[in-house]
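Report on the following structure.
All of the numbers you see were taken from the coordinates with simple rules; none came from a lab. These numbers come from a predicted model, not from an experiment. As a convention, Cβ positions derive from the backbone with ideal geometry for all residues, glycine included, and neighbour counts pool all protein chains shown.
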Amino acid sequence: MPYVTAPDNVRLYYEEAGAGTPIVFVHEFLGDIEAWEPQLRYFSRRYRAIAFNARGYPPSDVPARAEDYSFEHQRAGILAVLDGLGLERAHIVGLSMGAFATFYFGMRWPERALSLTLAGIGSGAMPEVRAQFRAESEATAASLLAEGWAANAVPRTLTPTRVQLRNKDPRGFAAFVERVAAHSSEGSALTLKGYQALRPALGDFAREMSHSRVPTLIISGDEDEPCLDASLMLKRHMPWAGLAFLPQTGHACNLEEPDLFNQLCERFFHHVESGQYRERDPLARSSRML
């Protein structure tokens, strides 16, 4: 099995296909490499498409301490993939938990990113919901350690922002639940305790966002309520960011609407690579309405 090694000697399993400009896909909390299959199949025709399992998601290593899952470790995992594969720069595409890691990566190592795609980003990020998000993360972690994924897969996947996938694609949703049920309960619980519950707010990076020159695409389903305000906040703070909402779509937008998701990303990559993706014009920030 192919692995790269993070700075703390944690091994991260990866898969890749295709050749050309590299794209690195970073999965969500309920995801893994397989959740990116619609993207790996599509983009490997023209790109070098790479996905990896975060720490805590076998066959990647499962460290035993919650402190080994911090946001610093998560963004360093992306860097480990680039360094381990000898990639100077890549398009980085993250969903949800992976979008946070992608954002943190871009704020720390912007020179290593051709672009950032932040999909389904923002759950628990806004000040008014941070305490609730932390409490729910810790409660879910305790449930996973006590009962495992077998008892938690269905209630943790049939949520207000996942029901859209079930309604659109029952077979795809069933496969999604089956994959989640096979995850490491320990790895998921420690991810919740060390990363999800404690990660810094997006707003903590206001200065870095305002100075970022990395082309950025923000994608959100319009029924992904926890991410709507955060997506707008990022758009307003990042001068090189564009924003797309997918209609009647929930959280796992790359699985719900793979064709739309792939088209948005591909168009974005082309604009970046051709030098046609531009900074927001200062005139667009005027307070004038007419």
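According to a simple spin-label model (label point 7 Å from Cα along Cα-to-Cβ), what is the distance in nm between Glu136 and Arg171?
Going by the 7 Å Cα→Cβ label model, 3.1 nm.
Compute the FRET efficiency between Ala64 and Leu283 as 1/(1 + (r/R0)^6), taking r as their Cβ-Cβ distance and R0 = 41 Å, and round to the nearest 0.05.
Values: r = 54 Å, r/R0 = 1.32.
So, using R0 = 41 Å, E works out to roughly 0.15.
Hydropathy first: keep DSSP H helices in the chain averaging at least -0.5 on Kyte-Doolittle, then drop any whose Cα extent along the axis falls short of 15 Å, and list what survives.
71-84, 97-108, 130-147, 170-181, 225-237, 258-273
How much of the DSSP beta bridge set in the chain is antiparallel, as a percent to the nearest 5? Walk me through the numbers before you get to the answer.
Details: 7 of 32 bridges.
Percent antiparallel among DSSP bridges in the chain is about 20.
Which peptide among 183-191, 2-10 comes first, and what is the full order, when sorted by highest mean count of other Cβ atoms within 10 Å?
Details: 183-191: 22.1, 2-10: 15.8.
Result, highest mean first: 183-191, 2-10.
So, counting K/R as plus one and D/E as minus one, what does the shell of residues with Cβ under 11 Å around Pro215 add up to?
On the way: positive: Arg213, Arg278; negative: Glu273, Glu279.
Value of the local net charge: 0.
Let me know the Kirkwood hydrodynamic radius for the stretch 25-146, please, with Cα pairs as the basis and the value in Å to one decimal.
Working: mean 1/r = 0.0653 Å⁻¹.
It works out to 15.3 Å.
Ala150 versus His270, label points 7 Å from Cα toward the beta carbon: distance in nm?
Here the modelled spin labels are 5.0 nm apart.
Using the per-residue mean of other Cβ atoms lying within 10 Å as a proxy for protection, in what order, highest first, do the peptides 251-264, 230-243, 89-102, 149-162 fall? It would help to have the intermediate numbers written out before the result.
Details: 251-264: 21.5, 230-243: 19.6, 89-102: 26.4, 149-162: 15.6.
Descending packing order for the listed peptides: 89-102, 251-264, 230-243, 149-162.
Highest mean first, what order results for 55-64, 19-28 on Cβ atoms within 10 Å?
On the way: 55-64: 19.4, 19-28: 22.0.
By packing density, highest mean first, the sequence is 19-28, 55-64.
Taking all pairs of different Cα atoms in the stretch 164-211, averaging 1/r and flipping that mean, what Kirkwood radius in angstroms comes out? Could the numbers behind the result be given before it?
Values: mean 1/r = 0.0730 Å⁻¹.
It is 13.7 Å.
Any chance you could check the Cα centroid distance between the stretch 204-276 and the stretch 174-196 for me, in angstrom?
The two parts, judged by their Cα centres, are 25 Å apart.
Output the Kirkwood hydrodynamic radius of the stretch 98-157, Cα pairs only, in Å rounded to one decimal. Don't skip to the end; give the middle numbers.
Working: mean 1/r = 0.0723 Å⁻¹.
Radius from the Kirkwood sum: 13.8 Å.
For Val129, what charge total do you get from the other residues with a beta carbon under 11 Å from its beta carbon, if Lys and Arg give +1 and Asp and Glu give -1?
On the way: positive: Arg130, Arg134; negative: Glu128, Glu136, Glu225, Asp229.
That sum, taken over residues with Cβ under 11 Å, equals -2.
Hey, what D do you get for the stretch 1-91 in µm²/s if you plug the Kirkwood alpha-carbon radius into Stokes-Einstein at 10 °C and 1.306 mPa s? Could you put the intermediate results ahead of the total?
Working: Rh = 13.2 Å.
Diffusion coefficient, whole number: 120 µm²/s.
Three principal axis extents, largest first, for the C-alpha atoms of the stretch 171-242, in Å?
Over the stretch 171-242, Cα extents along the principal axes are 41, 30, 21 Å.
Sort all Cα-Cα distances of the stretch 76-196 into consecutive 10 angstrom bins from zero, then give the percent of pairs in each bin up to the one containing the longest distance.
12, 33, 36, 18, 1
Which number do you get for Rg(Cα) / (2.2 N^0.38 Å) in the chain?
0.94
Using the number of other C-beta atoms within 10 angstrom as an exposure proxy, rank Met209, Met126 with the fewest first. Working shown, then result.
Numbers: Met209 22, Met126 18.
In increasing order of surrounding Cβ atoms, one gets Met126, Met209.
Going by Cα centres, the stretch 12-60 and the stretch 92-120 are how many Å apart?
Their Cα centres are 14 Å away from one another.
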